[in-house]
1. Which residue, ASP29, ASP20, ASP49, tops the fluctuation ranking in a GNM of the chain built on C-alpha contacts under 10 Å?
2. Would you mind counting up the charge near ASN17? Only other residues with Cβ under 11 Å from its Cβ, with Lys and Arg at +1 and Asp and Glu at -1.
3. Please give the net charge around ASN100, taking every other residue with its beta carbon less than 12 angstrom from that of ASN100, where Lys and Arg add +1 and Asp and Glu add -1.
4. With a Förster radius of 22 Å, plug the Cβ-Cβ distance of HIS3 and GLN86 into 1/(1 + (r/R0)^6) and report the FRET value to the nearest 0.05.
5. Given +1 on the Cβ of Lys and Arg, -1 on the Cβ of Asp and Glu, and no further charges, what dipole in debye does the chain carry about its Cα centre, rounded to the nearest 20?
6. For TYR67, TYR82, write out the residues from largest to smallest accessible area, computed with a 1.4 angstrom probe and no ligands counted.
7. Roughly speaking, what is the stretch gain from GLN98 to ASN16, that is 0.36 nm per residue apart minus the C-alpha to C-alpha distance, in nm to one decimal?
8. Compute the normalised compactness of the range 14-113: alpha-carbon radius of gyration over 2.2 N^0.38 Å, N being the residue count.
Amino acid sequence: QMHIYGDRMLLKLALNNLLDNAIKYSAKDTEIKVNSFQKDNEVAIQIIDEGAGIPAHEAKRVFQKYYRGAGNEAKGTGLGLYVTRQIVKQSKGRLEYQPNHPKGSIFTITFVS
């Protein structure tokens with residue numbers, strides 16, 4: 001059995017931020033998937049969307065404070081992913097981004113027990 005150590009409310013905020021982004025940047029009739037899996041001493045939670053995605057040249061900056069993608073019309077401060085990553089780090093985890101081909105984003109939170 002795996003245990004994730006961290007502040008329950010902050011971890012909930014981190015997941016809510018990722019889900020909110022998936023909803024905000026996805027078209028109305030597309031799927032958003034939430035997967036979880038365990039491998040060895042790690043447990044991961046993935047949020048997968050078929051939204052606008054993040055251009056490859058901007059992917060490295062996605063977790064920076066106040067960063068908002070070029071042409072981004074959605075409302076926000078540019079702090080959501082930054083704060084989410086800080087929460088995950090505080091809980092001894094990691095947050096990673098990868099593109100979802102052909103379109104969209106995959107954000108994975110991984111915790112080690």
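1. In this elastic network of the chain, the residue with the biggest mean-square fluctuation among ASP29, ASP20, ASP49 is ASP29.
2. After counting each charged neighbour, the total is +2.
3. Computed value for this residue: -1.
4. With R0 = 22 Å, the Cβ-Cβ based efficiency is 0.55.
5. 380
6. These residues rank, largest area first, as TYR82, TYR67.
7. Roughly 27.7 nm would be gained on extension.
8. Normalised Cα radius of gyration, the range 14-113: 1.04.
The values are calculated or read from the model by the stated rules, or taken from the named source; none is laboratory data. Keep in mind that this is a model prediction, so the values were computed, not measured. All Cβ positions, even for glycine, are placed from backbone atoms using ideal geometry, and neighbour counts span all protein chains on display. What goes into the accessible areas is simple: the full protein's heavy atoms, side chains included, and nothing from ligands, DNA or RNA. Shrake-Rupley method; radii C 1.70, N 1.55, O 1.52, S 1.80 Å.
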